[in-house]
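Enquirer: Dumping the structure here so I can ask a few things about it.
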Amino acid sequence: MIMKVEILYFADFKDITGKDREFLELKENTVEGLTSEILSKYNPLKNLIWDEEIKKLKGNISIVINDKLITDKNKGETELIDGDKVAFLLPFAGG
């Protein structure tokens, strides 16, 4: 089943994609499936979010789904449903 999710882009993600949001149709219902779809459209994002050595999302990337931070260590396996709103966030420092 194909589903549609909304992706929100901030900071470097927005700079690379040239968008602040978009809707994507997914065949796979996981964060990793979404990541694969995003990277096929925007290859320069690969350096930001993908750990080539372990073939997974980088550990320092935060993922928010429907305003809820995903804290699971295996966040790539998190399931998505039709209509979800997803944001990938880079680490930031404050002071």
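The values are calculated or read from the model by the stated rules, or taken from the named source; none is laboratory data. As the structure is a prediction and not an experimental result, all values here were calculated from the model. Positions of Cβ are backbone-derived with ideal geometry, glycine not excepted, and every protein chain shown enters the neighbour counts.
Enquirer: Return the residues of the range 27-54 that are over 11 Å from the mean Cα position of the chain (by Cα), touching a residue at least 40 places away in the same chain (Cβ under 8 Å) and farther than 18 Å from ASN74 by Cβ; say none if nothing qualifies.
Expert: none
Enquirer: Would you check which residues across the range 37-61 are basic (Lys, Arg), part of a loop (DSSP other than H, G, I, E, B) and either touching a Cys at 6+ places or on another chain (Cβ under 7 Å) or more than 13 Å from PRO91 (Cβ to Cβ) (or both) and list them?
Expert: Once the filter is applied, which keeps residues that are basic (Lys, Arg), part of a loop (DSSP other than H, G, I, E, B) and either touching a Cys at 6+ places or on another chain (Cβ under 7 Å) or more than 13 Å from PRO91 (Cβ to Cβ) (or both), the range 37-61 yields only LYS55.
Enquirer: Starting from residues that are in a loop (DSSP other than H, G, I, E, B) and surrounded by 14 or more Cβ atoms within 10 Å (Cβ to Cβ), keep the ones in the range 14-36 and report whichever is modelled with the lowest pLDDT.
Expert: GLU28
Enquirer: Can you name the residue in the range 57-82 that is modelled with pLDDT of 85 or more and touching a helix residue (DSSP H, G or I) at 6+ places or on another chain (Cβ under 7 Å) and is also surrounded by the fewest Cβ atoms within 10 Å (Cβ to Cβ) among such residues?
Expert: Within the range 57-82, the match that is surrounded by the fewest Cβ atoms within 10 Å (Cβ to Cβ) is GLU77.
Enquirer: Still on this model: I need a count of the residues in the range 37-56 that are in contact with a helix residue (DSSP H, G or I) (Cβ under 8 Å, 6 or more places away or on another chain), over 21 Å from GLU6 (Cβ atoms) and β-branched (Val, Ile, Thr).
Expert: Count: 0.
Enquirer: Same structure again: If only one of LYS14, LYS4, LYS19 is touching an Asp or Glu at 6+ places or on another chain (Cβ under 7 Å) and without any contact (Cβ under 8 Å) to a residue 12 or more places away in the chain, which one is it?
Expert: LYS14
Enquirer: Six or more apart or on different chains, Cβ atoms under 8 Å: show the pairs whose first residue is in the range 74-85 and of a type in the set (S, T, N, Q) and whose second is exposed (fewer than 12 other Cβ atoms within 10 Å of the Cβ) and assigned to a loop (DSSP other than H, G, I, E, B).
Expert: Within 8 Å, the pairs are THR78/ASP72.
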